[in-house]
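Just below is one structure, and these are the notes that go with it.
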Amino acid sequence: MALVLMMVVAPASASQQYEPMADHVRLALRTALSAPAAPRPIFESVGHRIDWMAKMSRRLARRVPDFSERTELIKTIRYEAQRVGIDPQIIFSLIEVESNFRADAVSHAGAIGLMQVMPFWTDVLSKGSSRELFEPRVNIRYGCLILRHYLDIEKGNLDRALGRYNGSLGKMTYPNLVYDRLDRNWGYRYAEPPKPVPRTALNDIDVKKR
């Protein structure tokens, strides 16, 4: 089946820009890119996993109707974000801004896939075909690594890293779009349910009442 490419306009009419990088930086990125993909995201507890997966699935259901595809995508986003030390909720927000979760999206600048990765990155990091960026797992791995790279350049400043990701460094239009989606659609906080009171403690309470 032929792959249908959907043309979309980049959020701020910009895209990632090629910048020369030191050999050791390129090597580190290549090593991280080629590490085995084993999407086993980390959670604080079983309850946390169930709660987070259920909430993310409900929020994404309209955009990705197929349950199996949606579940795999959600796990991949969390795994790849955690792998590079980025809040997964930021990645969900960024993907909504960039492609609205359309894996076949292509911008007028040529950026590809869920995280709108520019094709030059496959030349810089893997010498592979840019068509692999249409595969969600590959695209998300590239996108997360690129954002991590920009965070390192900007010494952890997320505003500036997001600006670099969009090719609009120094402007807040794009970071604010991402933060808006985070506030409206992808924010998440988990509170552990209260633990049941041990029966011995209940007995003590009964005794004291008498």
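Read the figures in this text as sums done on the coordinates, not as results from a lab. Values in this document were obtained by computation on a predicted structure and should not be read as measured data. Here Cβ is always computed from backbone atoms with ideal geometry, including for glycine, and neighbour counts include all displayed protein chains.
Scan the range 52-103 for chymotrypsin sites (Phe, Trp or Tyr not before Pro) in coil per DSSP, keeping those whose Cβ has at most 11 other Cβ atoms within 10 Å, and list them by number.
Details: sites: W52, F67, Y79, F92, F101; in loops: F101.
Within the range 52-103, no chymotrypsin sites (Phe, Trp or Tyr not before Pro) qualify (loop, at most 11 other Cβ atoms within 10 Å).
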Sequence of F134, F120 once ranked by neighbouring C-beta atoms within 10 Å, starting from the fewest = F120, F134
Once phi for every residue in the range 171-185 is put through the Karplus expression 6.51 cos²θ - 1.76 cosθ + 1.60 (θ = phi - 60°), the whole-Hz ³J(HN,Hα) values, with Gly and Pro written as x, are 10, 9, 4, 5, x, 5, 4, 5, 5, 4, 5, 4, 5, 7, 10
Sequence-distant residues sharing a close amide H with I86 (under 5 Å, placed H) = none
Over the alpha carbons of the range 53-210, what is the largest minus smallest coordinate on each principal axis, giving the biggest first in Å?
-> 77, 36, 28
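Multiplying the sequence separation of R49 and F67 by 0.36 nm and subtracting their Cα-Cα distance, what value in nm do you get? Don't skip to the end; give the middle numbers.
Working: separation 18, 0.36 × 18 = 6.48 nm, distance 1.67 nm.
That works out to 4.8 nm of additional length.
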Calculate one ³J(HN,Hα) per residue across the range 77-88 by plugging θ = phi - 60° into the Karplus curve 6.51 cos²θ - 1.76 cosθ + 1.60, and present them in order as whole Hz with x for glycine and proline.
-> 4, 5, 4, 5, 5, 4, 4, 10, x, 10, 4, x
For V117, other-chain or 5+-apart residues with amide H closer than 5 Å (H placed, Pro excluded) are I112
